[in-house]
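See structure below.
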Amino acid sequence: MITPDGARAISFVGHTDQGGRGDGVQVMVDRGYAYIGTRVSRGVMVTDVRDPRRPKPVNFMPIHPNSWCMHVQTAENLLLCIEELDLKALLSQKDYYSGSNQVDSALYGTRGVDFSAGMRVYDIAEPANPRAIGFMEVQGLGLHRIWWVGGRYAYASALLDGFTDHILIVIDMADPTKPVECGRWWIPGMWAAGGETPYWKGRWALHHAVVEDDIAYASWRDGGLTILDVSDKTAPKLLAHKVWSPPFGGGTHSALPLHDRGLLVVADEATLNIDQEQMKRTWVFDIRDRTNPISIATLPIPADQDYVALGGQFGPHNLHENRPGSFRSSTTVFATWQSAGVRVFDIADPYRPNEIGYFVPPQPTKWMEPMRGRAKIRHTADLFVAADGLMYVTDYDAGLYILQWEGQG
């Protein structure tokens, strides 16, 4: 039994340290199994969650020891996993999130020998026993995150040779054993090999895009938000680009479209200790005119305890993305916060969002994430909320929590 540091409208159900591989990042739940990308363990965890009170790790698929595989997607009996050179192992926390340079993968050795870079496809027809069936290598250092909910096309952030940082690529999944890139888009100024020059300061890099109705909502860290028409997969078209750093702190990470209400929720990630950067925000945008997104509110900052005084990273990280088959709501937003656990917000009145629930796990007792400039503090990383309100929550150090949402949604 886990005793939280605080809870409201969310109850504890189960927990696993993943058999010693507690460094979970993105989690997908499919047919009673959780698939969890890792940062330090260098592989994908498979955990049987059919009894959520007793989650049981049942498999682990390792990747190259110099790459990470933090982010995964599942649909149509397939699992997609990113593979990318682990730059965080080579850089400090501050340097990793600072400015960018032209990518040259040859500086890090031979791709495919010294590191792996691309997207691996697994067949999960047998959920506990994924079987690798395909790999798409990219000419660069790898992929960071993917968006794929089934169908022919996936969308990924790719760190490619000749660019200053991650750009958007579109992947054709018609043959999942041989996925291929079929389109790309970047902010003008990112293609250094093509003679383009950045006109900005900070790190402009695609974290990932969420796609709804052929509109891609892409988060570019210090480069803010782009809204792209991706109806032509070979030639995405820019509809709007909004930048708010400076004066705000940047780190734009996740965008959640709510098309039925003409709203978009956008989280800026805390990337440094709270005494080293300003407080990051989660924004509510009016996107009824997608060429002119307007910020109308921010979500409340958790205040059940003094998280600033605790130190370490404190701020938003991920949003539950309303995937098909999961818990879907246009008024209830589920989020993870570094240091502050899981938070739930009501945006029925988008101009006055309010917090309606939270669960703050205890501090980890084992530290897996290398502390390169990061203070020791819990880091609630990602969450997947199932249709029945069960919440699957990862931590950089403490494994997988399974919680129950007890509120309305």
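Of the candidates Ala309, Ala303, the single residue that is of a type in the set (A, V, I, L, M, F, W, C), outside any loop (DSSP other than H, G, I, E, B) and surrounded by fewer than 20 Cβ atoms within 10 Å (Cβ to Cβ) is Ala309. Count of region 329-365 residues, restricted to those that are touching a Gly at 6+ places or on another chain (Cβ under 9 Å), assigned to a loop (DSSP other than H, G, I, E, B) and closer than 23 Å to Asp306 by Cα, is 4.
Residues in region 212-242 that are of a type outside the set (S, T, N, Q) and over 23 Å from Thr271 (Cα atoms): 17 in all. The residue list Pro179, Pro198 contains one member that is under 30 Å from Asn77 (Cα atoms) and modelled with pLDDT of 95 or more, which is Pro179.
Please find, within region 371-396, the residue that is modelled with the lowest pLDDT out of those that are more than 25 Å from Asn354 (Cα to Cα) and surrounded by fewer than 23 Cβ atoms within 10 Å (Cβ to Cβ). Steps first, answer last, please.
Step one: list which residues in region 371-396 are more than 25 Å from Asn354 (Cα to Cα), which gives 371-377, 396.
The next check asks that each one be surrounded by fewer than 23 Cβ atoms within 10 Å (Cβ to Cβ); those that pass are 371-377.
Details: Met371: 62, Arg372: 66, Gly373: 68, Arg374: 72, Ala375: 80, Lys376: 87, Ile377: 92.
Only one residue fits best here, namely Met371.
If I filter region 123-133 for residues that are without any contact (Cβ under 8 Å) to a residue 12 or more places away in the chain, farther than 13 Å from Glu181 by Cβ, in contact with a strand residue (DSSP E or B) (Cβ under 7 Å, 6 or more places away or on another chain) and in a strand (DSSP E or B), do I get at least one hit?
We begin by selecting, within region 123-133, every residue without any contact (Cβ under 8 Å) to a residue 12 or more places away in the chain; these are 126, 131.
Retained after the next criterion (residues that are farther than 13 Å from Glu181 by Cβ): 126, 131.
In the following step, the residues that additionally are in contact with a strand residue (DSSP E or B) (Cβ under 7 Å, 6 or more places away or on another chain) were identified as 131.
Pick out the ones that are also in a strand (DSSP E or B) and you get 131.
Yes, region 123-133 contains at least one residue that is without any contact (Cβ under 8 Å) to a residue 12 or more places away in the chain, farther than 13 Å from Glu181 by Cβ, in contact with a strand residue (DSSP E or B) (Cβ under 7 Å, 6 or more places away or on another chain) and in a strand (DSSP E or B).
If you go through region 264-277 and pick out every residue that is at pLDDT 95 or above and surrounded by fewer than 15 Cβ atoms within 10 Å (Cβ to Cβ), you end up with 0.
Tally up the residues in region 333-370 that are surrounded by fewer than 21 Cβ atoms within 10 Å (Cβ to Cβ), out of contact with any Pro (no Cβ under 7 Å at 6 or more places or on another chain) and among the polar types (S, T, N, Q), please. Within region 333-370, residues that are surrounded by fewer than 21 Cβ atoms within 10 Å (Cβ to Cβ), out of contact with any Pro (no Cβ under 7 Å at 6 or more places or on another chain) and among the polar types (S, T, N, Q) number 2.
Looking for whichever is buried (at least 16 other Cβ atoms within 10 Å of the Cβ), out of contact with any Phe, Trp or Tyr (no Cβ under 8 Å at 6 or more places or on another chain) and more than 10 Å from Gly315 (Cα to Cα) here; the options are Arg290, Arg261. Which one fits?
Numbers: Arg261 fails: buried (at least 16 other Cβ atoms within 10 Å of the Cβ).
Step by step, each of Arg290, Arg261 is checked, and only Arg290 is buried (at least 16 other Cβ atoms within 10 Å of the Cβ), out of contact with any Phe, Trp or Tyr (no Cβ under 8 Å at 6 or more places or on another chain) and more than 10 Å from Gly315 (Cα to Cα).
Taking strands (runs of 3 or more DSSP E) as the structural unit, those lying wholly within region 1-84 and holding at least 1 residues that are within 24 Å of Gly325 (Cα to Cα) correspond to 10-16, 24-30, 33-38, 43-48, 56-62, 72-75.
Ser41 fulfils the conditions (1) surrounded by fewer than 22 Cβ atoms within 10 Å (Cβ to Cβ); (2) among the hydroxyl-bearing types (Ser, Thr, Tyr); (3) more than 30 Å from Trp200 (Cβ to Cβ) except for a single criterion, (1). Going residue by residue through region 198-211, is there one that turns out to be surrounded by 24 or more Cβ atoms within 10 Å (Cβ to Cβ), free of Cβ contacts under 8 Å to residues at least 60 places away in the same chain and touching a Ser or Thr at 6+ places or on another chain (Cβ under 7 Å)? Within region 198-211 (the criterion being surrounded by 24 or more Cβ atoms within 10 Å (Cβ to Cβ), free of Cβ contacts under 8 Å to residues at least 60 places away in the same chain and touching a Ser or Thr at 6+ places or on another chain (Cβ under 7 Å)), the answer is no, since none of the residues qualifies. The single residue among Arg145, Arg184 that is of a type in the set (Lys, Arg), assigned to a strand (DSSP E or B) and farther than 19 Å from Ser116 by Cα turns out to be Arg184.
Residue-wise test of (1) of a type in the set (Gly, Ala, Ser); (2) at pLDDT 95 or above.
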| site | (1), (2) |
| --- | --- |
| Asp5 | no, yes |
| Ala9 | yes, yes |
| Gly20 | yes, no |
| Val29 | no, yes |
| Tyr35 | no, yes |
| Val44 | no, yes |
| Leu79 | no, yes |
| Ser92 | yes, no |
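For region 90-122, enumerate the residues that are in a loop (DSSP other than H, G, I, E, B), of a type in the set (A, V, I, L, M) and surrounded by fewer than 14 Cβ atoms within 10 Å (Cβ to Cβ). Answer for region 90-122, where residues must be in a loop (DSSP other than H, G, I, E, B), of a type in the set (A, V, I, L, M) and surrounded by fewer than 14 Cβ atoms within 10 Å (Cβ to Cβ): Leu90, Val113. Name the single residue that is nearest to Gly251 (Cα to Cα) among those in region 160-180 being among the charged types (D, E, K, R) and surrounded by fewer than 23 Cβ atoms within 10 Å (Cβ to Cβ). Ranking the qualifying residues of region 160-180, first place goes to Asp161.
Against the definition (outside any strand (DSSP E or B) and either touching a Pro at 6+ places or on another chain (Cβ under 7 Å) or at pLDDT below 95 (or both)), how does Gln408 come out, yes or no? Step through it out loud before you land on a result.
Working: outside any strand (DSSP E or B): yes; either touching a Pro at 6+ places or on another chain (Cβ under 7 Å) or at pLDDT below 95 (or both): yes.
Criteria met by Gln408.
Could you tell me which residue of region 213-242 is surrounded by the most Cβ atoms within 10 Å (Cβ to Cβ), considering only residues that are free of Cβ contacts under 8 Å to residues at least 40 places away in the same chain and within 26 Å of Asp275 (Cβ to Cβ)? Among them, the one singled out is Trp220. When region 151-186 is filtered for residues that are within 20 Å of the chain's Cα centre (by Cα) and closer than 27 Å to Leu272 by Cα, the ones remaining, listed by number, are Ala156, Ser157, Ala158, Leu159, Leu160, Asp165, His166, Ile167, Leu168, Trp186. Is there a residue being of a type in the set (Val, Ile, Thr), outside any loop (DSSP other than H, G, I, E, B) and more than 20 Å from Ile301 (Cβ to Cβ) anywhere in region 192-199? No: region 192-199 contains no residue that is of a type in the set (Val, Ile, Thr), outside any loop (DSSP other than H, G, I, E, B) and more than 20 Å from Ile301 (Cβ to Cβ).
The values are calculated or read from the model by the stated rules, or taken from the named source; none is laboratory data. Computed from a predicted model, the values in this text were never measured in an experiment. Glycine gets a Cβ as well: all are built from the backbone with ideal geometry, and neighbour counts include every protein chain shown.
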